[in-house]
Amino acid sequence: MATIAAIPTIRAQARASLRHVRRLATVANANVSSSSASSSSSSASTSASASAASSSSSGWTPPIAPGVEPAYDEALAYISSQQASLRREIPALEAAISSHPPGSPERSSAQAKLDAHLVAAEINDPAVRWRFTNNVDAPLSSPVFAHLREQAWRRGPLERLAARLRDMYIVPDILLTFTPTVDVQVSFGEGTGFTDVTSKSGIEDVSGEIIDPGCIIPAARTFDQPSILATPFHAEERFYTLALVDADAPYEAEERIGTYLHWLVSDVALSSIKNTVEGGSDLVSYIPPHPQKGTKPHRYALCLLAQPKGASISSSSVERRQFSLRDFAAQNNLTVEGAHFWRSKWTEGSSSTITDVYRQFLGGEENEPHFIRERLAFKRAA
């Protein structure tokens with residue numbers, strides 16, 4: 001069963017340091033959403049509070065004019081005083097980072113403390129909340145916006161993904177269990193997207209055929225490699241390996257349903273601000289999904305695995321047929337940190353595309369099998 005990652009340390013630290021201001025902060029933030037509709041593009045007058053100063057540059061204007069509601073004014077002032085207090089501690093935290101050599105555990109720990117402090121200083125600012133809600137100057141290079149983005153992902157799309165991974169048996173057929181820490185979004189081509197619900201589960205505006213987890217995608221749309229956005233919530237670049245696996249490939253001779261590796265790429269560099277999957281080293285080239293006639297819908301799992309620092313990924317023993325993601329991960333000390341999946345099945349409309357896959361990638365169209373469904377009673381490989 002897929003596990004949802006525990007609240008990250010950075011979030012726990014930010015919440016702990018802000019617990020004592022939550023009640024007044026709630027008052028100040030209560031009307032952030034409503035203010036987005038009425039705020040003008042002109043700058044608000046600069047006030048004594050840091051919140052008003054930030055709103056001046058962001059386009060946010062307080063929904064209640066100064067002097068109308070004393071409690072609201074006091075809440076803004078209190079948030080401002082807390083921001084000022086926390087910001088005064090930043091130089092010392094920055095100095096602590098500089099005192100440690102690059103790449104050392106101590107430096108990483110000091111950076112995490114600074115990031116948590118920056119989140120604590122900004123997260124209750126109504127202007128910051130407005131900027132995030134309206135995607136106005138809210139870069140993920142900023143710790144507070146990365147934190148808010150991760151919160152939004154965990155409270156929506158991740159819950160849906162985890163449920164579908166479990167309900168459609170990606171866990172345990174492909175993955176035994178994992179703790180998602182990377183938001184993976186997949187799209188094919190251009191268009192309105194594929195979904196079986198009335199609203200998208202994605203929280204970023206990605207051009208292309210956006211895929212909800214587990215939706216059925218015509219094989220004709222998946223002939224070319226997908227576009228992938230993978231957003232980890234760390235600022236520094238780290239390397240990942242990408243694997244695309246069919247969980248429902250038929251093996252007629254063995255009378256078994258097993259796995260088939262469609263694509264394997266290592267050394268993909270990702271960070272919170274560099275989240276497009278591109279480059280890397282193709283260990284196993286892309287072969288488009290090709291669900292065979294007479295088989296049930298195939299599940300195609302796209303998994304993102306974190307590589308150890310400085311590791312070289314070996315593909316010498318990798319075979320497409322009966323590929324075991326678990327064994328591959330264990331052999332290379334990889335950890336699954338992100339996943340997505342879709343389903344596809346043979347249809348008359350996609351038959352020519354599937355035949356083209358066999359013609360171009362699999363030795364010729366004469367190798368394309370056609371099963372009679374009522375005779376296809378294969379067992380799943382152990």
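Every number in this text was worked out from the coordinates using simple rules, so none of it is lab data. Predicted, not measured: the structure shown is a model, and the values here were computed from it. With ideal geometry, Cβ positions are generated from the backbone for all residues, glycine too; neighbour counts draw on all protein chains shown.
Observations
- Cβ-derived FRET efficiency at R0 41 Å, residue 355 paired with residue 89, nearest 0.05: 0.05
- 3J(HN,Hα) along the stretch 355-370: 4, 4, 4, 5, 5, 8, 10, 10, x, x, 5, 5, 8, 6, x, 10 Hz, from the Karplus curve 6.51 cos²θ - 1.76 cosθ + 1.60 with θ = phi - 60°, whole Hz, x for Gly and Pro.
- Remark: the stretch 335-352, residue by residue, has Karplus-estimated 3J(HN,Hα) of 10, 6, 10, x, 7, 8, 7, 9, 10, 8, 9, 5, 9, 4, x, 9, 4, 5 Hz, where x stands for each Gly or Pro and the curve is 6.51 cos²θ - 1.76 cosθ + 1.60 at θ = phi - 60°.
- Here each label is just a point 7 Å from Cα along the line to Cβ, and for residue 69 and residue 136 those points are 1.9 nm apart.
- Backbone phi angles across the stretch 250-256, fed through the Karplus curve with coefficients 6.51, -1.76 and 1.60 (θ = phi - 60°), yield HN-Hα couplings of x, 10, 5, 4, 8, 6, 9 Hz in residue order; Gly and Pro are listed as x.
- Taking amide H as placed 1.01 Å from N in the peptide plane, the amide H of residue 323 sits under 5 Å from that of 259, 260, 261, each at least 5 places away or on another chain.
- Nitroxide proxy distance, nm - points 7 Å out along Cα→Cβ at residue 321 and residue 348: 3.3 nm
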